Structure formats: C-alpha cells, structure tokens
Amino acid sequence: MTTHPSHPIHTVVLTGAAGGMGSVTARVLAERGWHVLGLDQDGAALNDLCGQIGARFTALPCDVRSADVPAQVLQRLQGLPQLDGLVNMVGVSRGGPIDSLTDADWDFAFDVNVTPAAARQSG
C-alpha cells in the first residue's frame, strides 16, 4: 500500500462502498491516506473490504434510504479524522430495455440513486 504521509489524514464518507466501483474507490482513497467510512447494504462485503483495507476503513452497513442514516454516520464519525469529503457511489438499476421498466422499477432506482443525496443536501 502506498501512502502519502505529507498529507494529513482526513475522512471521506463513501456510499455504495461494497460494490465494484465503490470498493475500488475505497481502496484508492485509503492508499492515498484517507480514512474511509464506507456505507453499503451488504454488511458481509463491507466486512471483507474492511479486512482488505485495514485500519483506514470503517464499515457502516445501512440502507441509504433510511431516515436514520445521517445520525448513524455522525455517530460513526466520532473519533475519526476530520471529515472532508462525501462520495456518492451508491446506485441501482433494474435491467432491461427502458420501455420494459415498471413504475416500481423507476421508483426504486430514484429512491436509492437520487432521494438520499438530495434530502441530505437540503438539511
């Protein structure tokens, strides 16, 4: 692992941390000296990632759609280095041609991909 000791350690909150792009992002950030607070519904995959990255990764299994996630994040941030970033990598889709998607498919994708980030930005 390559670290950059000239940079002070800071924390980034990373949603979708256990997925393909999320786990790569977590590794790169940790290698560059960041502490990563990783959020994902897949607790087992988060724990595996924590084992791979080590002390620069804190796992928070959760559903980003849940209204109590901001409080959970604030609680987990206690004792971690200064928070300086948020990376929203969480994303879902229901496969198939666009004209085959149901209203429920669209609602699910919007509820995961858009609503949490927009709601958290508004206060």
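Taking first residues from the stretch 1-25 that are at pLDDT 90 or above and partners that are of a type in the set (Ser, Thr, Tyr) and open to solvent by less than 80 Å² (accessible area, probe 1.4 Å), the Cβ contacts under 8 Å between residues at least 6 apart in sequence or on separate chains come to 14/25; 17/23; 17/25; 22/15. State yes or no: is residue 63 open to solvent by less than 50 Å² (accessible area, probe 1.4 Å) and either of a type in the set (A, V, I, L, M) or within 20 Å of residue 109 (Cα to Cα) (or both)? When the stated conditions are applied, residue 63 passes them. When the residues of the stretch 45-60 are narrowed to those that are more than 19 Å from residue 82 (Cα to Cα) and out of contact with any helix residue (DSSP H, G or I) (no Cβ under 7 Å at 6 or more places or on another chain), which ends up surrounded by the most Cβ atoms within 10 Å (Cβ to Cβ)? Among those that are more than 19 Å from residue 82 (Cα to Cα) and out of contact with any helix residue (DSSP H, G or I) (no Cβ under 7 Å at 6 or more places or on another chain), it is 46.
Any residue that is surrounded by 14 or more Cβ atoms within 10 Å (Cβ to Cβ), of a type outside the set (Ser, Thr, Tyr) and under 14 Å from residue 30 (Cα atoms) - is there at least one of those in the stretch 70-80? Yes - at least one qualifying residue is present in the stretch 70-80. Among the residues of the stretch 84-102, what is the count of those that are open to solvent by less than 90 Å² (accessible area, probe 1.4 Å), under 21 Å from residue 18 (Cα atoms) and either of a type in the set (Asp, Glu) or more than 14 Å from the chain's Cα centre (by Cα) (or both)? Result for the stretch 84-102: 2. In the set (1) open to solvent by 10 Å² or more (accessible area, probe 1.4 Å); (2) over 19 Å from residue 78 (Cβ atoms); (3) at pLDDT 95 or above; (4) within 15 Å of the chain's Cα centre (by Cα), the condition left unmet by residue 42 is number (3).
The values are calculated or read from the model by the stated rules, or taken from the named source; none is laboratory data. What you are looking at is a predicted structure, and each value in this text was computed from that prediction instead of being measured. We place every Cβ from the backbone using ideal geometry, glycine too, and count neighbours over all the protein chains shown. Surface areas here come from the heavy atoms of the whole protein model, side chains and all, with no ligands, DNA or RNA. Shrake-Rupley method; radii C 1.70, N 1.55, O 1.52, S 1.80 Å.
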